[in-house]
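Worksheet for the structure shown next.
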Amino acid sequence: MKKIFLIIRTNIILFLIIIISLEFLVWGCENLKLKINDKFQNNNFPISFHPGIKRMEIINLEEFKDYRKTWTRKPEGLNYTKKPIVIFGCSYAYGFGLDNEQTFSYKLSHLTKRPVYNRAVAGWGFQHMLNQVRQNKFYIDVPEPEYVIYIMINDHFRRLYVPSFMTECLLDETYNLRYERKDKKLILKKEKNALLEFIHRLYITQKIEHFYINNILLKSDNYEQYFSFALQHLVESKNEMKKHWKNTKYVVILYQTFPHDNLFIEQLKKNGFIVISLKYDYNLNLHTPEYMSQDYHPKEQAWDLLTKKISESLNI
């Protein structure tokens, strides 16, 4: 009996040593990768080993009122009297790397003479729109618009599933906002218990999860599953807004193409969305150096071209 106990204890210790070694290996390699790619600011190297979980469950809408913040955009054109426009999305819609006057929201506001509320933030996706519009305070801050515009890129499918948005977030334990289906409705995804949370916060666990999501779940022949999940986020967001806004129209702009995107467009239209595809509607490819920055975000030239086309398509 003592021998069996000794074998079990030895195996447990060996297992823990392997896990801890793998954790330090992943931590070191990912930090080094960031260092080589010059991703650190203010020489903040390395990111601490498991510094503590930072989880977003409810977006703090007050952040959009603090104009000292550099990661949000202030409303534009509030002096105009026409019905406003609200924009959702990620760094594309936010205008990453652009001055305020170079962004889509600024140009759209002053071209159409309408207030524009930019509710996009770099790294966000469908779920961040849903989280905002489920809060009653959102409708105090944002008046009823004529149009809600969501600017979509391919990576928004991945962001619905991944536990952390990118390497810095994985190392820093900044968890991605995610929803899951329960009784056919979307609810915030939370860890079920302390043990599962401990297992899930391991770097090696998250690396495995990222591999599964990127290479299996999001395979092009599995499109029905992730199309359905993405569409549910958009539909539930629209339904939430319709409780407060009776006359608003909802637009999805596909900035990129992706496998079977024609089927996704059909589903969007069946669910009451106006869809604009840069490729199919405008025959545009803006992923050239003239329109795309070296960090793969739209330049001002892209929005100069698109803002007029979009406003004409929507007759605003």
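The values are calculated or read from the model by the stated rules, or taken from the named source; none is laboratory data. These numbers were taken from a predicted model, which means no experiment stands behind them. No Cβ is skipped: glycine too gets one built from the backbone with ideal geometry, and neighbour counts run over all protein chains shown. Quick note on the areas: whole protein, heavy atoms, side chains included, nothing else; ligands and nucleic acids left out. Shrake-Rupley method; radii C 1.70, N 1.55, O 1.52, S 1.80 Å.
A few comments on the model shown:
- If you go through the range 207-249 and keep only what is β-branched (Val, Ile, Thr) and in contact with a strand residue (DSSP E or B) (Cβ under 8 Å, 6 or more places away or on another chain), you end up with just Thr248.
- The number of residues in the range 74-89 that are over 21 Å from Arg134 (Cβ atoms) and either of a type outside the set (Asp, Glu) or at pLDDT below 95 (or both) comes to 8.
- Whenever a residue of the range 58-69 is in a loop (DSSP other than H, G, I, E, B), its partners that are acidic (Asp, Glu) and open to solvent by less than 80 Å² (accessible area, probe 1.4 Å), lying with C-beta atoms within less than 8 angstrom and at least six residues away or across chains, give the pairs Lys69/Glu63.
- Output for the range 146-155, where each listed residue is farther than 25 Å from Thr81 by Cα and either open to solvent by 40 Å² or more (accessible area, probe 1.4 Å) or of a type in the set (Ser, Thr, Tyr) (or both): Asn154, Asp155
- Hits in the range 121-157 (condition: within 25 Å of Phe264 (Cβ to Cβ), out of contact with any strand residue (DSSP E or B) (no Cβ under 7 Å at 6 or more places or on another chain) and β-branched (Val, Ile, Thr)): Val121, Val133, Ile153
- Within the range 122-145, tally of residues that are under 16 Å from Val251 (Cα atoms) and either β-branched (Val, Ile, Thr) or open to solvent by 40 Å² or more (accessible area, probe 1.4 Å) (or both): 2
- Residue list for the range 177-207, restricted to those being under 21 Å from the mean Cα position of the chain (by Cα) and modelled with pLDDT under 90: Lys190, Glu191
- Hits in the range 282-304 - residues which are among the charged types (D, E, K, R), surrounded by 14 or more Cβ atoms within 10 Å (Cβ to Cβ) and either in contact with a Ser or Thr (Cβ under 7 Å, 6 or more places away or on another chain) or free of Cβ contacts under 8 Å to residues at least 12 places away in the same chain (or both): Lys299
- Neighbours by Cβ (under 7 Å, 6+ apart or cross-chain): first from the range 182-208, under 26 Å from Ser48 (Cα atoms); second part of a strand (DSSP E or B): Lys189/Tyr179; Lys189/Glu180
- Scanning the range 262-276 turns up no residue that is farther than 27 Å from Glu146 by Cα and assigned to a strand (DSSP E or B).
- Helices (runs of 4 or more DSSP H) (entirely within the range 161-260) containing at least 3 residues that are open to solvent by 50 Å² or more (accessible area, probe 1.4 Å): 194-201, 203-212, 223-242
- Among the residues making up the range 91-108, those that are free of Cβ contacts under 8 Å to residues at least 60 places away in the same chain and surrounded by fewer than 24 Cβ atoms within 10 Å (Cβ to Cβ) are Asp99, Asn100, Glu101, Tyr106.
- Across the range 73-90, not a single residue is classified as in contact (Cβ under 8 Å) with a residue 40 or more places away in the chain, among the hydroxyl-bearing types (Ser, Thr, Tyr) and surrounded by 11 or more Cβ atoms within 10 Å (Cβ to Cβ).
- Which numbered condition Thr307 fails, given (1) among the hydroxyl-bearing types (Ser, Thr, Tyr); (2) crowded, with 18+ Cβ neighbours inside 10 Å; (3) free of Cβ contacts under 8 Å to residues at least 60 places away in the same chain: (3)
- Any chance Lys54 is at pLDDT below 90, open to solvent by 60 Å² or more (accessible area, probe 1.4 Å) and within 28 Å of Lys190 (Cβ to Cβ): no
- Complete set of residues in the range 263-273 that are under 23 Å from Thr307 (Cα atoms) and either open to solvent by 60 Å² or more (accessible area, probe 1.4 Å) or at pLDDT below 95 (or both): Lys269
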